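The values are calculated or read from the model by the stated rules, or taken from the named source; none is laboratory data. Because the structure is a prediction, the values reported are computed rather than measured. Quick reminder, even Gly has a Cβ in these numbers, built from the backbone with ideal geometry, and neighbours come from all protein chains shown. Side chains included, ligands, DNA and RNA excluded: accessible areas come from the protein's heavy atoms. Shrake-Rupley method; radii C 1.70, N 1.55, O 1.52, S 1.80 Å.
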Amino acid sequence: MDSEFEIFLATPPGLEPYLADEAREKGFAEVSAVPGGVTLTGGWPEVWRANLELRGASRVLARIGSFRAFHLAQLDKRARKFPWGDILHPGQSVRVEVSTNKKSKIYHAGAAKQRLETALAEELGAVISDQAEVQIKARIDDNLVLLSIDTSGESLHKRGLKAAVGKAPMRENMAALLLRACGYDGSEPVLDPMCGSGTFPIEAAEIALGMLPGRARSFAFEKLVGFDADQWQQMRASAKVQSTDLRFYGSDRNAGVIEMARSNADRAGVAECTTFTHAAISDLERPEGPPGLVMVNPPYGARIGNKRDLFALYGSLGLVLKQRFSGWRVGIVTSEPGLAKATTLPFEPPGPPIAHGGLKVTLYKTAAL
(Lines give C-alpha, C1' and ligand atoms only; values in the text may rest on other atoms or scores of the structure.)
Protein backbone atom coordinates (compact mmCIF):
# COMPACT_ATOMS: atom_id res chain seq x y z
CA MET A 1 0.00 0.00 0.00
CA ASP A 2 2.88 2.39 0.73
CA SER A 3 4.87 1.87 -2.49
CA GLU A 4 4.72 4.48 -5.23
CA PHE A 5 4.49 3.80 -8.95
CA GLU A 6 3.56 5.52 -12.19
CA ILE A 7 -0.13 6.28 -12.69
CA PHE A 8 -1.42 7.02 -16.20
CA LEU A 9 -4.55 9.10 -16.77
CA ALA A 10 -6.07 8.57 -20.22
CA THR A 11 -7.87 11.46 -21.93
CA PRO A 12 -8.88 12.43 -25.50
CA PRO A 13 -5.78 13.43 -27.52
CA GLY A 14 -5.55 17.22 -27.73
CA LEU A 15 -6.76 17.78 -24.15
CA GLU A 16 -3.73 16.46 -22.23
CA PRO A 17 -2.45 19.89 -20.98
CA TYR A 18 -5.82 20.67 -19.38
CA LEU A 19 -5.95 17.34 -17.55
CA ALA A 20 -2.38 17.94 -16.36
CA ASP A 21 -3.51 21.33 -15.00
CA GLU A 22 -6.40 19.68 -13.18
CA ALA A 23 -4.17 16.98 -11.67
CA ARG A 24 -1.70 19.61 -10.41
CA GLU A 25 -4.56 21.66 -8.99
CA LYS A 26 -5.74 18.57 -7.08
CA GLY A 27 -2.31 18.13 -5.53
CA PHE A 28 -0.99 15.09 -7.40
CA ALA A 29 2.79 14.69 -7.67
CA GLU A 30 5.18 14.64 -10.65
CA VAL A 31 2.44 15.43 -13.16
CA SER A 32 3.45 15.37 -16.82
CA ALA A 33 1.36 15.60 -20.02
CA VAL A 34 2.21 12.87 -22.56
CA PRO A 35 0.49 11.82 -25.82
CA GLY A 36 -2.97 10.45 -24.97
CA GLY A 37 -2.91 11.37 -21.30
CA VAL A 38 -1.01 12.38 -18.20
CA THR A 39 1.47 10.57 -15.96
CA LEU A 40 1.89 11.15 -12.25
CA THR A 41 3.45 9.35 -9.30
CA GLY A 42 1.61 7.93 -6.32
CA GLY A 43 0.36 4.85 -4.51
CA TRP A 44 -3.01 3.11 -4.32
CA PRO A 45 -4.68 5.93 -2.34
CA GLU A 46 -3.75 8.30 -5.19
CA VAL A 47 -5.25 5.82 -7.69
CA TRP A 48 -8.52 5.84 -5.74
CA ARG A 49 -8.50 9.62 -5.44
CA ALA A 50 -7.78 10.13 -9.15
CA ASN A 51 -10.82 8.01 -10.04
CA LEU A 52 -12.99 9.84 -7.53
CA GLU A 53 -11.90 13.46 -8.10
CA LEU A 54 -10.53 14.04 -11.61
CA ARG A 55 -13.18 15.25 -14.05
CA GLY A 56 -11.03 15.13 -17.16
CA ALA A 57 -9.66 11.57 -17.04
CA SER A 58 -11.37 8.79 -19.00
CA ARG A 59 -9.39 6.00 -17.27
CA VAL A 60 -6.81 5.60 -14.50
CA LEU A 61 -4.15 2.96 -15.16
CA ALA A 62 -1.72 1.76 -12.48
CA ARG A 63 1.69 0.62 -13.79
CA ILE A 64 2.19 -2.65 -11.91
CA GLY A 65 5.51 -3.78 -13.38
CA SER A 66 7.63 -4.56 -16.43
CA PHE A 67 10.07 -7.12 -17.77
CA ARG A 68 12.09 -7.75 -20.94
CA ALA A 69 10.92 -10.40 -23.38
CA PHE A 70 12.51 -11.07 -26.78
CA HIS A 71 10.36 -14.06 -27.78
CA LEU A 72 7.12 -15.76 -26.77
CA ALA A 73 8.76 -18.49 -24.65
CA GLN A 74 10.51 -15.80 -22.60
CA LEU A 75 7.24 -13.87 -22.27
CA ASP A 76 5.54 -17.04 -21.04
CA LYS A 77 8.27 -17.79 -18.47
CA ARG A 78 8.47 -14.25 -17.08
CA ALA A 79 4.68 -13.81 -17.03
CA ARG A 80 4.42 -16.96 -14.88
CA LYS A 81 6.98 -15.55 -12.40
CA PHE A 82 5.26 -12.16 -12.17
CA PRO A 83 3.73 -11.55 -8.67
CA TRP A 84 0.10 -11.37 -9.87
CA GLY A 85 -1.07 -12.29 -6.37
CA ASP A 86 0.09 -8.88 -5.06
CA ILE A 87 -2.65 -7.27 -7.18
CA LEU A 88 -5.26 -9.90 -8.09
CA HIS A 89 -7.22 -12.37 -5.98
CA PRO A 90 -6.91 -16.09 -6.83
CA GLY A 91 -9.74 -17.16 -9.11
CA GLN A 92 -10.56 -13.56 -10.08
CA SER A 93 -12.15 -12.75 -13.45
CA VAL A 94 -9.81 -10.72 -15.64
CA ARG A 95 -9.42 -9.76 -19.27
CA VAL A 96 -6.16 -9.02 -21.07
CA GLU A 97 -5.36 -6.48 -23.76
CA VAL A 98 -1.99 -6.40 -25.55
CA SER A 99 -0.48 -3.83 -27.90
CA THR A 100 2.89 -4.17 -29.58
CA ASN A 101 4.88 -2.56 -32.39
CA LYS A 102 7.53 -3.24 -35.00
CA LYS A 103 10.29 -2.17 -32.59
CA SER A 104 9.76 -5.43 -30.65
CA LYS A 105 10.67 -8.97 -31.64
CA ILE A 106 7.26 -10.02 -30.28
CA TYR A 107 5.02 -8.30 -32.79
CA HIS A 108 1.98 -10.61 -32.78
CA ALA A 109 -0.34 -9.12 -30.14
CA GLY A 110 -2.77 -12.06 -30.28
CA ALA A 111 -0.07 -14.63 -29.49
CA ALA A 112 1.29 -12.46 -26.64
CA LYS A 113 -2.23 -12.08 -25.22
CA GLN A 114 -2.71 -15.84 -25.26
CA ARG A 115 0.55 -16.40 -23.33
CA LEU A 116 -0.37 -13.83 -20.68
CA GLU A 117 -3.87 -15.29 -20.29
CA THR A 118 -2.46 -18.80 -19.87
CA ALA A 119 0.03 -17.60 -17.25
CA LEU A 120 -2.73 -15.85 -15.28
CA ALA A 121 -5.04 -18.86 -15.49
CA GLU A 122 -2.45 -21.47 -14.57
CA GLU A 123 -0.44 -19.53 -11.94
CA LEU A 124 -3.27 -17.62 -10.23
CA GLY A 125 -6.35 -19.58 -11.23
CA ALA A 126 -7.70 -16.44 -12.92
CA VAL A 127 -10.88 -16.77 -14.96
CA ILE A 128 -10.30 -15.18 -18.38
CA SER A 129 -13.45 -13.37 -19.53
CA ASP A 130 -14.10 -10.63 -22.08
CA GLN A 131 -16.79 -9.33 -19.71
CA ALA A 132 -14.48 -9.01 -16.67
CA GLU A 133 -14.42 -5.58 -15.05
CA VAL A 134 -10.73 -5.92 -14.15
CA GLN A 135 -8.43 -5.54 -17.14
CA ILE A 136 -4.68 -6.09 -17.47
CA LYS A 137 -3.10 -4.01 -20.23
CA ALA A 138 0.29 -5.04 -21.62
CA ARG A 139 2.25 -2.79 -23.97
CA ILE A 140 5.30 -4.35 -25.62
CA ASP A 141 7.60 -1.57 -26.73
CA ASP A 142 11.23 -2.13 -27.81
CA ASN A 143 11.10 -5.62 -26.21
CA LEU A 144 9.97 -4.23 -22.84
CA VAL A 145 6.65 -5.60 -21.56
CA LEU A 146 4.93 -2.82 -19.60
CA LEU A 147 2.08 -4.10 -17.42
CA SER A 148 -0.75 -1.89 -16.19
CA ILE A 149 -4.11 -2.52 -14.59
CA ASP A 150 -7.18 -0.50 -15.49
CA THR A 151 -8.42 0.63 -12.09
CA SER A 152 -11.53 2.40 -13.38
CA GLY A 153 -13.68 -0.31 -14.97
CA GLU A 154 -16.28 1.53 -17.01
CA SER A 155 -14.99 4.72 -18.63
CA LEU A 156 -14.92 7.61 -16.14
CA HIS A 157 -17.18 9.77 -18.30
CA LYS A 158 -19.94 7.48 -17.00
CA ARG A 159 -20.57 9.29 -13.74
CA GLY A 160 -23.34 6.86 -12.78
CA LEU A 161 -25.97 9.60 -12.85
CA LYS A 162 -27.08 10.16 -16.44
CA ALA A 163 -29.89 7.89 -17.64
CA ALA A 164 -30.74 9.79 -20.82
CA VAL A 165 -28.52 11.01 -23.66
CA GLY A 166 -29.30 12.62 -27.00
CA LYS A 167 -27.69 12.03 -30.39
CA ALA A 168 -23.87 12.36 -30.64
CA PRO A 169 -23.46 13.31 -26.96
CA MET A 170 -20.45 15.12 -25.55
CA ARG A 171 -18.72 12.91 -22.98
CA GLU A 172 -18.61 14.38 -19.49
CA ASN A 173 -14.83 14.21 -19.08
CA MET A 174 -14.34 15.96 -22.42
CA ALA A 175 -16.93 18.61 -21.50
CA ALA A 176 -15.11 19.28 -18.21
CA LEU A 177 -11.77 19.81 -19.98
CA LEU A 178 -13.31 22.04 -22.66
CA LEU A 179 -14.83 24.19 -19.91
CA ARG A 180 -11.38 24.38 -18.30
CA ALA A 181 -9.83 25.27 -21.67
CA CYS A 182 -12.23 28.25 -21.80
CA GLY A 183 -11.04 29.42 -18.38
CA TYR A 184 -14.07 28.17 -16.45
CA ASP A 185 -13.34 27.59 -12.75
CA GLY A 186 -16.81 27.46 -11.19
CA SER A 187 -17.10 31.20 -10.47
CA GLU A 188 -19.41 32.32 -13.30
CA PRO A 189 -22.63 31.23 -15.01
CA VAL A 190 -22.54 28.93 -18.03
CA LEU A 191 -25.12 28.80 -20.81
CA ASP A 192 -25.47 26.22 -23.60
CA PRO A 193 -28.02 27.18 -26.30
CA MET A 194 -27.88 23.71 -27.92
CA CYS A 195 -27.66 21.73 -24.70
CA GLY A 196 -28.94 18.30 -25.74
CA SER A 197 -29.06 16.16 -22.58
CA GLY A 198 -27.47 18.98 -20.55
CA THR A 199 -23.84 17.91 -20.24
CA PHE A 200 -22.17 21.36 -20.21
CA PRO A 201 -24.54 23.09 -17.74
CA ILE A 202 -24.64 20.04 -15.43
CA GLU A 203 -20.85 19.63 -15.45
CA ALA A 204 -20.39 23.38 -14.82
CA ALA A 205 -22.87 23.30 -11.92
CA GLU A 206 -21.10 20.31 -10.33
CA ILE A 207 -17.76 22.15 -10.58
CA ALA A 208 -19.24 25.26 -8.94
CA LEU A 209 -20.71 23.14 -6.12
CA GLY A 210 -17.49 21.16 -5.59
CA MET A 211 -19.19 17.81 -6.26
CA LEU A 212 -16.89 14.85 -6.92
CA PRO A 213 -17.40 13.32 -10.38
CA GLY A 214 -17.02 9.73 -9.12
CA ARG A 215 -19.32 10.10 -6.12
CA ALA A 216 -22.13 7.88 -7.43
CA ARG A 217 -20.36 4.92 -9.04
CA SER A 218 -18.15 1.93 -8.36
CA PHE A 219 -14.66 1.22 -9.72
CA ALA A 220 -12.60 -1.80 -10.73
CA PHE A 221 -9.98 -1.07 -8.01
CA GLU A 222 -12.54 -2.10 -5.38
CA LYS A 223 -11.99 -5.71 -6.55
CA LEU A 224 -8.19 -5.69 -6.15
CA VAL A 225 -5.92 -7.03 -3.38
CA GLY A 226 -5.13 -4.33 -0.81
CA PHE A 227 -8.34 -2.37 -1.30
CA ASP A 228 -9.28 -0.79 2.05
CA ALA A 229 -13.04 -0.22 2.13
CA ASP A 230 -12.90 1.87 5.33
CA GLN A 231 -10.22 4.22 3.97
CA TRP A 232 -12.18 4.51 0.71
CA GLN A 233 -15.39 5.43 2.54
CA GLN A 234 -13.50 8.11 4.49
CA MET A 235 -12.11 9.51 1.23
CA ARG A 236 -15.59 9.68 -0.31
CA ALA A 237 -17.13 11.18 2.81
CA SER A 238 -14.47 13.89 3.16
CA ALA A 239 -15.79 15.89 0.19
CA LYS A 240 -17.87 18.91 1.14
CA VAL A 241 -20.47 20.24 -1.28
CA GLN A 242 -20.49 24.04 -1.23
CA SER A 243 -23.33 26.41 -2.05
CA THR A 244 -23.50 28.71 -5.08
CA ASP A 245 -25.64 31.68 -6.08
CA LEU A 246 -24.83 31.06 -9.74
CA ARG A 247 -27.23 29.56 -12.24
CA PHE A 248 -26.48 27.33 -15.21
CA TYR A 249 -28.63 27.43 -18.32
CA GLY A 250 -29.42 25.11 -21.18
CA SER A 251 -31.83 25.50 -24.06
CA ASP A 252 -32.58 23.46 -27.17
CA ARG A 253 -35.15 23.54 -29.95
CA ASN A 254 -35.86 19.84 -29.28
CA ALA A 255 -38.43 19.65 -26.45
CA GLY A 256 -37.64 15.96 -25.82
CA VAL A 257 -34.01 16.53 -24.90
CA ILE A 258 -34.98 19.34 -22.51
CA GLU A 259 -36.91 16.80 -20.43
CA MET A 260 -33.83 14.55 -20.55
CA ALA A 261 -31.62 17.40 -19.37
CA ARG A 262 -33.94 18.21 -16.46
CA SER A 263 -34.06 14.61 -15.30
CA ASN A 264 -30.26 14.30 -15.62
CA ALA A 265 -29.77 17.48 -13.57
CA ASP A 266 -32.15 16.16 -10.93
CA ARG A 267 -30.25 12.86 -10.63
CA ALA A 268 -26.95 14.76 -10.42
CA GLY A 269 -28.29 16.89 -7.56
CA VAL A 270 -27.99 20.20 -9.43
CA ALA A 271 -31.64 20.81 -10.35
CA GLU A 272 -31.88 23.82 -8.01
CA CYS A 273 -29.18 25.79 -9.81
CA THR A 274 -29.92 24.74 -13.42
CA THR A 275 -32.60 26.03 -15.81
CA PHE A 276 -33.48 24.22 -19.03
CA THR A 277 -35.84 25.76 -21.58
CA HIS A 278 -37.28 24.79 -24.94
CA ALA A 279 -36.12 27.54 -27.30
CA ALA A 280 -34.67 28.14 -30.76
CA ILE A 281 -31.43 30.10 -31.19
CA SER A 282 -33.40 33.14 -32.39
CA ASP A 283 -35.31 33.20 -29.07
CA LEU A 284 -32.17 33.04 -26.93
CA GLU A 285 -32.14 35.69 -24.19
CA ARG A 286 -29.28 36.85 -22.01
CA PRO A 287 -29.90 35.75 -18.39
CA GLU A 288 -30.04 38.34 -15.64
CA GLY A 289 -26.93 38.67 -13.53
CA PRO A 290 -23.20 38.71 -14.24
CA PRO A 291 -21.71 37.69 -17.60
CA GLY A 292 -20.23 34.25 -17.96
CA LEU A 293 -19.43 31.63 -20.58
CA VAL A 294 -21.55 30.48 -23.53
CA MET A 295 -20.37 26.92 -24.20
CA VAL A 296 -21.84 25.09 -27.18
CA ASN A 297 -21.29 21.90 -29.16
CA PRO A 298 -23.46 22.54 -32.24
CA PRO A 299 -24.07 19.91 -34.94
CA TYR A 300 -21.27 19.87 -37.52
CA GLY A 301 -22.85 17.84 -40.29
CA ALA A 302 -20.70 14.75 -39.74
CA ARG A 303 -23.33 12.76 -37.84
CA ILE A 304 -26.18 15.22 -37.35
CA GLY A 305 -27.53 17.77 -39.79
CA ASN A 306 -26.85 18.76 -43.38
CA LYS A 307 -23.65 20.78 -43.60
CA ARG A 308 -25.09 23.32 -46.05
CA ASP A 309 -28.03 24.07 -43.75
CA LEU A 310 -25.66 24.49 -40.81
CA PHE A 311 -23.98 27.64 -42.16
CA ALA A 312 -27.23 29.56 -41.56
CA LEU A 313 -27.54 28.08 -38.06
CA TYR A 314 -23.99 29.11 -37.11
CA GLY A 315 -24.55 32.54 -38.63
CA SER A 316 -27.71 32.99 -36.56
CA LEU A 317 -25.91 31.84 -33.40
CA GLY A 318 -23.07 34.32 -33.95
CA LEU A 319 -25.49 37.19 -34.60
CA VAL A 320 -27.57 36.52 -31.47
CA LEU A 321 -24.45 36.23 -29.27
CA LYS A 322 -22.96 39.47 -30.60
CA GLN A 323 -26.24 41.37 -30.18
CA ARG A 324 -27.36 40.06 -26.78
CA PHE A 325 -24.34 38.67 -24.90
CA SER A 326 -21.97 41.61 -24.48
CA GLY A 327 -19.38 40.78 -21.79
CA TRP A 328 -19.80 37.01 -22.14
CA ARG A 329 -17.07 34.72 -23.49
CA VAL A 330 -17.90 32.05 -26.06
CA GLY A 331 -16.56 28.53 -26.64
CA ILE A 332 -17.72 26.58 -29.72
CA VAL A 333 -16.69 23.01 -30.57
CA THR A 334 -16.83 22.04 -34.24
CA SER A 335 -15.04 19.88 -36.79
CA GLU A 336 -15.46 22.46 -39.55
CA PRO A 337 -13.40 25.71 -39.61
CA GLY A 338 -15.85 27.10 -42.18
CA LEU A 339 -18.77 26.69 -39.78
CA ALA A 340 -16.87 28.45 -36.99
CA LYS A 341 -16.05 31.27 -39.44
CA ALA A 342 -19.75 31.55 -40.37
CA THR A 343 -20.50 32.85 -36.84
CA THR A 344 -18.29 35.93 -37.58
CA LEU A 345 -17.31 35.85 -33.89
CA PRO A 346 -13.85 37.22 -32.96
CA PHE A 347 -12.19 33.88 -32.16
CA GLU A 348 -8.69 33.62 -30.75
CA PRO A 349 -6.26 31.39 -32.71
CA PRO A 350 -7.62 27.82 -32.34
CA GLY A 351 -5.84 25.13 -30.34
CA PRO A 352 -4.88 21.64 -31.53
CA PRO A 353 -7.46 19.21 -32.93
CA ILE A 354 -9.18 17.01 -30.33
CA ALA A 355 -10.25 13.39 -30.88
CA HIS A 356 -14.03 13.06 -30.44
CA GLY A 357 -16.00 9.98 -31.48
CA GLY A 358 -13.90 9.17 -34.53
CA LEU A 359 -13.74 12.83 -35.59
CA LYS A 360 -11.25 15.62 -35.03
CA VAL A 361 -12.87 18.69 -33.50
CA THR A 362 -11.45 22.06 -32.52
CA LEU A 363 -12.37 24.45 -29.71
CA TYR A 364 -12.92 28.01 -30.95
CA LYS A 365 -13.09 30.56 -28.14
CA THR A 366 -13.43 34.30 -27.73
CA ALA A 367 -12.48 36.84 -25.11
CA ALA A 368 -15.40 38.78 -23.56
CA LEU A 369 -17.64 40.05 -26.38
Query raised in the report: Roughly how many Å² is the accessible area per residue of the chain, as a whole number, for a 1.4 Å probe?
Result: 44
Query - Tail fraction, Cα-Cα pairs, the chain, threshold 37 Å, whole percent - result: 28
**Report entry** Expected-Rg normalisation [2.2 N^0.38 Å, Cα atoms] applied to the stretch 311-369
**Finding:** 1.11
Report summary line: Of all DSSP beta bridges having both residues in the chain, the percent classed as antiparallel (nearest 5) is 60
**Report entry** Rounded to 10°, Cα long-axis angle of helix 255-268 versus longest principal axis of the chain
**Finding:** 50
Report summary line: Cα-based Rg/(2.2 N^0.38 Å) for the stretch 65-115, rounded to two decimals, is 1.20
Query raised in the report: Going by alpha carbons, how many degrees (0 to 90, nearest 10) lie between the helix axis of 72-81 and the longest principal axis of the chain?
Result: 90
Report summary line: Of 127-139, 201-213, 323-335, ordering from highest average Cβ density within 10 Å down gives 201-213, 323-335, 127-139
**Report entry** Partner lysines for Lys113 [C-alpha distance under 19 Å; skip if fewer than 8 residues away on the same chain]
**Finding:** Lys77, Lys81, Lys102, Lys103, Lys105, Lys137
Query raised in the report: If you place +1 on the Cβ of every Lys and Arg, -1 on the Cβ of every Asp and Glu, and leave all else neutral, what size is the dipole of the stretch 1-144 about its Cα centre, to the nearest 20 Debye?
Result: 640
Query raised in the report: Ranked highest first by average number of other Cβ atoms within 10 Å, how do 220-233, 269-282 line up?
Result: 269-282, 220-233
Requested in this report: Round to a whole angstrom and tell me the spacing of the C-alpha centers of the stretch 223-253 and the stretch 295-365.
Outcome: 32
Requested in this report: Using only the alpha carbon atoms of the stretch 197-299, find the Kirkwood hydrodynamic radius as the inverse mean reciprocal pair distance, in angstroms to one decimal.
Outcome: 15.8
**Report entry** Cα convex hull of the stretch 236-369, projected area averaged across orientations, nm²
**Finding:** 9.9
